[in-house]
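A.B. asks: Got a structure here, written out as structure tokens. Questions coming.
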Amino acid sequence: MRPLLLAAATALALVFAVPARAELTPVKRVEPTYPPEAVRSGTVGFVELEFTVDATGKVASVSVVNARPARTFEGAAVKALKQWQFAPGGESRGKVRLDFKL
């Protein structure tokens, strides 16, 4: 894939997230990379994830709740969410939906 097309698709990808609880606002957020095959085919979709945050503010576990289309964006969404960080405190659970749009 041409690097320019991939860079443009990554820049144009709109990713929205709404944590399930107001106190679970990320202090560090990593945006997912748009999968190259989805860019080539013009595929858009979303992934809904549940996650737990440990006492240090790191994402401890992530599970996919729903994704459309299936097996397209899940890997990128999980990889990005695992890099998010939250304010230290007690352990928490949250939900987020990441929308992938070109």
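A.B. asks: Can you pull out every residue in the stretch 72-90 that is among the β-branched types (Val, Ile, Thr) and in a helix (DSSP H, G or I)?
C.D. replies: Listed by number, the list holds a single entry, Val78.
A.B. asks: What number of residues within the stretch 27-63 satisfy the criterion of being part of a loop (DSSP other than H, G, I, E, B) and acidic (Asp, Glu)?
C.D. replies: Number of matching residues: 2.
A.B. asks: A further question on this structure: For the stretch 38-72, what are the residues that are touching a residue at least 24 places away in the same chain (Cβ under 8 Å) and more than 30 Å from Gly89 (Cα to Cα)?
C.D. replies: Listed by number, the residues that qualify are Ala38, Val39, Arg40, Gly42, Thr43, Val44, Gly45, Pro69, Thr72.
A.B. asks: Only residues that are of a type in the set (Phe, Trp, Tyr) and under 13 Å from Lys101 (Cβ atoms): list them for the stretch 32-84, please.
C.D. replies: Tyr34, Phe46, Phe73
A.B. asks: A follow-up question, please. Specify which of the listed residues (Val27, Val53, Val15) is surrounded by 15 or more Cβ atoms within 10 Å (Cβ to Cβ), at pLDDT 95 or above and not small (Gly, Ala, Ser).
C.D. replies: Just a single option satisfies the conditions, and that option is Val53.
The values are calculated or read from the model by the stated rules, or taken from the named source; none is laboratory data. These numbers were taken from a predicted model, which means no experiment stands behind them. No Cβ is skipped: glycine too gets one built from the backbone with ideal geometry, and neighbour counts run over all protein chains shown.
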